Structures are given as structure tokens and as C-alpha cells.
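For reference, the structure is listed below as C-alpha cells.
The values are calculated or read from the model by the stated rules, or taken from the named source; none is laboratory data. What you see is a predicted model, and the numbers here were worked out from it, not measured in a lab. Don't worry about glycine lacking a Cβ; one is built from the backbone with ideal geometry, like all the others, and counts go over all protein chains shown. Calculation scope for accessible area: heavy atoms of the full protein, side chains included, ligands and nucleic acids excluded. Shrake-Rupley method; radii C 1.70, N 1.55, O 1.52, S 1.80 Å.
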Amino acid sequence: MKLVIIISVMLGALVTSLESALTWQQRHTLSSKYKSGHQDCNCVNGGTCISYQLFSRINRCLCPKGYSGQHCEIDTESQCYTGNGKDYRGTVSKNEKNEECLSWDFPSLTRRVYYAGMKDALQLGLGKHNYCRNPNGKAKPWCYIKRGYRTLETDCDIQLCHTEREPTCGQRSSSKYFKIVSGSIAAIESQPWIATIFHYSRKMGQDKFVCGGSLIDPCWVLTAAHCFSQLGTDSSGYTVVLGKSKLDATDDKEQKFQVERIINHHEYSDERGDFNSDIALMKIKSASGQCAVESEYVKTICLPSENLVLRDNSQCEVSGYGKEDNWAIYYSQILKTTNVNLISQSLCRDEYYDQTRVNDNMVCAGDVQWKSDACKGDSGGPLVCEHNGRMSLYGIVSWGDGCAKEKKPGVYTRVTRYLSWIESHMKGVNFKSRSLPKWK
């Protein structure tokens with residue numbers, strides 16, 4: 001018996017000492033004493049799953065500053081709620097009469113609809129704590145309290161946030177470029193809205209790069225419909241990674257998501273091969289049901305206003321992992337970006353292509369010297385242009401005749417033509433793009 005107690009104490013001391021080192025490790029690369037990348041933790045809010053090599057069954061989430069909890073699901077700095085508070089994950093734990101809330105794992109609550117052991121507890125913010133939550137969409141966050149023999153649902157003593165955070169879409173943390181065809185290597189901070197789409201290949205036994213995309217909302221990625229021509233729109237085989245700088249490497253800047261749904265535009269047709277309405281939406285979620293979290297490396301791109309028409313020759317940017325020339329065998333392994341200029345619709349339609357191939361649902365852009373262009377592998381990625389001090393998603397990489405070929409510019413899906421379609425499927429998301437929860 002004494003031996004069991006001694007071993008338990010030693011293990012407890014070891015885990016405690018390892019936890020005390022996490023603050024330092026959040027500012028440095030993870031030590032070789034433990035490894036990251038486990039999928040068992042279901043970390044949210046930018047948390048990293050780690051396991052200790054000496055005790056491989058000990059997995060836990062390493063939380064960024066401002067978050068705590070087994071899955072980093074608790075926002076330790078939030079003091080108010082927005083909307084009806086369904087997304088509130090703060091630490092207020094008293095009701096309006098200053099009564100202490102019951103913990104969501106209190107034994108008698110197992111007979112209630114909402115408790116820590118229910119199937120969707122993590123997604124609803126419930127767990128081994130007594131913090132106020134709103135799992136059923138009531139007017140504001142609430143909690144259970146005990147009065148005598150009765151267990152009651154009561155509203156919490158928590159205030160509605162008076163000001164909404166200024167939207168951060170289209171704002172990048174860096175403009176660093178370290179060449180897409182003859183482009184420049186781009187730090188992910190300069191293109192934080194770019195999404196990388198993968199599909200699991202049974203033949204290769206691993207995820208295979210498919211296309212690029214753009215994060216337009218914490219839960220939604222916009223891409224090209226032709227990306228799914230070969231592999232189909234069964235969402236189960238796809239994953240989306242945000243914050244990715246290199247195709248062949250993974251780091252702690254990244255956020256990885258499953259795909260809940262893929263929606264191709266109803267007017268797009270593979271059979272016609274005309275690339276009209278070459279646009280698709282992907283709804284993403286993490287293993288624990290969460291959406292993207294804002295960081296230095298992950299941000300949304302603004303959707304343009306419906307009447308936005310930029311002048312010919314306006315300079316824009318296109319980025320992705322596409323081939324570096326039309327004859328290259330492999331995709332670029334590093335994120336690249338290049339500048340292209342918008343080309344007049346009449347010039348593109350009448351001189352560079354023809355009216356059967358280019359229509360008003362498309363926009364053309366190219367390098368004035370025909371040296372830079374999007375190429376195969378950049379499909380679905382963003383054509384972004386600055387407007388009113390923010391970057392806006394003006395086009396989606398769609399098609400072209402070769403890469404950086406003289407008088408054959410890249411052709412992009414014109415996003416302004418599809419705002420109503422996007423809105424209808426996203427159920428009214430604000431076109432300035434909803435702010436992401438911040439990685440504090």
C-alpha cells in the first residue's frame with residue numbers, strides 16, 4: 001500500500017512539474033521531451049495537443065494565453081457576452097441574486113437535459129466547472145442553482161457587451177515577401193486568409209493537396225467549384241488547414257479542420273467546361289466542432305460590396321502553392337504570391353479570349369510583362385485587392401490558357417456576382433466578414 005502511495009505521489013509531482021514548464025514552452029518550440037500532433041485532445045481556441053514521451057498515455061492541451069480548461073475551452077478574460085450569449089465561454093459563476101452556480105457535472109444534473117456528460121457538452125461549453133453558459137439559446141447565459149431540495153435554472157449576473165469588436169477582415173499582420181509563376185515567397189502573415197484544401201488518398205495513405213481557398217468567415221471557406229470535379233463533393237475525405245506556410249511541413253501556427261459540407265454553385269457544370277459560376281463554399285469545423293480562431297497567421301478576408309467595380313489596371317495580389325511554370329511536375333512547397341493588374345473586360349473577352357469563354361461572371365488579371373501569373377495548383381485561391389484600407393476578395397482563381405502566357409491572362413470568378421448566393425447558404429453572414437474569436 002505504501003509503495004502505491006509513493007508511486008502516485010511521484011507521478012503527481014512529475015505531471016505538476018511538466019505543467020509548470022508550459023508557460024515557458026508557449027513562447028518556444030515544443031521540447032523534445034514531449035511531442036505534439038495528437039488528435040485525441042480535441043483542443044480548441046488554438047490549443048496544441050501534446051503527449052509526454054515517457055508517459056505516452058498522458059495527453060493534454062497546451063493553451064494559449066487567455067484560455068484554460070481541459071480543451072482550452074474556457075476564456076479566462078471574457079467579462080461580458082454578445083448576442084444571447086450562446087458562445088460565451090467566460091468564468092462568471094453566480095446568478096443575479098449572487099447565488100453560486102452548481103457545477104455542470106453535479107451528480108443530480110444527470111437527470112437534466114444539459115449537463116457535463118451529455119454528447120455535445122464540449123461544443124456547448126459544458127464541463128467540469130460551474131461557469132455560466134447558454135446551451136439552449138435562452139435570452140442570456142444561465143446556470144443551475146440549488147435552493148433547498150429544488151434545482152433551478154437562473155439567469156447569470158453577467159452584462160451584455162456594449163461594443164462589438166471592430167471587424168478584422170482583410171487586415172494582415174505582415175506585408176513580408178521573401179515568386180505562383182515568377183512570384184515571391186510569402187510569409188503566411190501576409191496572406192492569413194488563405195486556406196489549403198487536402199483530400200485523403202487511400203493509394204498514397206496520406207492527405208494530398210487539392211486546391212487553395214479563402215477564409216471568409218470563421219466557419220466558411222470560399223473556393224472554386226472545379227476543385228471537386230475529379231474527387232467529388234463528399235465532404236468526409238477533405239480537410240482544410242489555415243495558417244499553413246509549407247505544404248510538406250506542419251507547425252503550431254496551423255489550425256486544421258474537417259469539412260462539414262461542400263456546396264457547389266448550381267449553375268456550375270463540369271460537362272460544359274466553360275467555368276461559368278466556378279465557385280463553391282466549404283463549411284469547416286474542428287474535431288470538437290469549433291471554427292477558426294483569429295491569430296497572427298489566421299484571419300478572414302473581407303467580401304467586397306455588391307457594387308464594387310475596381311478600375312482597369314488596379315494592382316491586386318494572387319497567392320497559392322501552384323506550379324512555378326506550366327511544365328513543372330510538382331506544386332510549390334512554399335506559399336507564394338505575386339502582383340497582377342486587372343484587365344478591362346472588353347480587352348480580355350474580345351482580344352485575349354472570346355465571348356464564348358469569358359463572361360461578366362469573370363474578371364481577368366495579369367502581369368503587364370506577362371511574367372507572373374497563377375498556375376495549376378493555385379485554383380480556388382484568392383485574388384485580393386485593396387479597397388478602403390482593407391484587402392477584399394475580388395476574385396477566385398479559376399482558369400487560363402497556360403501560365404504567364406503572353407496575351408493569355410488568368411481568369412477569375414468575379415465574387416461580387418455571387419454575394420447573394422453566398423449569403424443564402426451562409427444564412428445572412430455580414431459581408432464585412434464576421435470577426436474571429438481571438439487567439440489571446
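Scanning region 238-257 for residues that are open to solvent by 70 Å² or more (accessible area, probe 1.4 Å) and farther than 24 Å from GLY170 by Cα yields a count of 2. Filtered by the rule that a residue be part of a strand (DSSP E or B) and open to solvent by 10 Å² or more (accessible area, probe 1.4 Å), region 213-237 gives a lone residue, TRP220. Reported count of residues in region 66-93, each being open to solvent by less than 80 Å² (accessible area, probe 1.4 Å) and more than 20 Å from ALA287 (Cα to Cα), is 13. Suppose the filter is open to solvent by less than 30 Å² (accessible area, probe 1.4 Å) and not in a loop (DSSP other than H, G, I, E, B); does THR110 pass it? No. Taken over region 186-208, the criterion of being assigned to a strand (DSSP E or B) and surrounded by 17 or more Cβ atoms within 10 Å (Cβ to Cβ) is satisfied by ALA186, ILE194, ALA195, THR196, ILE197, PHE198, HIS199, ASP207.
Residues in region 119-134 that are farther than 16 Å from ASP75 by Cβ and surrounded by 17 or more Cβ atoms within 10 Å (Cβ to Cβ): 1 in all. Of SER398, SER435, SER372, all but one fail to be modelled with pLDDT under 85, open to solvent by less than 20 Å² (accessible area, probe 1.4 Å) and not aliphatic (A, V, I, L, M); the exception is SER372. Within region 184-206, the set of residues being over 15 Å from GLY170 (Cα atoms), at pLDDT below 90 and in contact with a strand residue (DSSP E or B) (Cβ under 9 Å, 6 or more places away or on another chain) comprises SER184, ILE185, ALA186, ALA187, SER201, GLN206.
This table checks each residue for (1) within 20 Å of LYS140 (Cβ to Cβ); (2) assigned to a loop (DSSP other than H, G, I, E, B).
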position	(1), (2)
ASN84	yes, yes
ARG89	yes, yes
LYS97	yes, yes
TRP104	yes, yes
TYR115	yes, yes
MET118	no, yes
LEU122	no, no
LEU126	yes, yes
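Taking every residue in region 355-380 that is of a type in the set (Ser, Thr, Tyr) and pairing it with any residue that is outside any strand (DSSP E or B) and at pLDDT below 90, at least 6 positions away or on another chain, the pairs with Cβ-Cβ distances below 8 Å are THR356/ASP274; SER372/LYS179; SER372/ILE180; SER372/SER182; SER372/GLY183; SER372/ALA404; SER379/GLY322.
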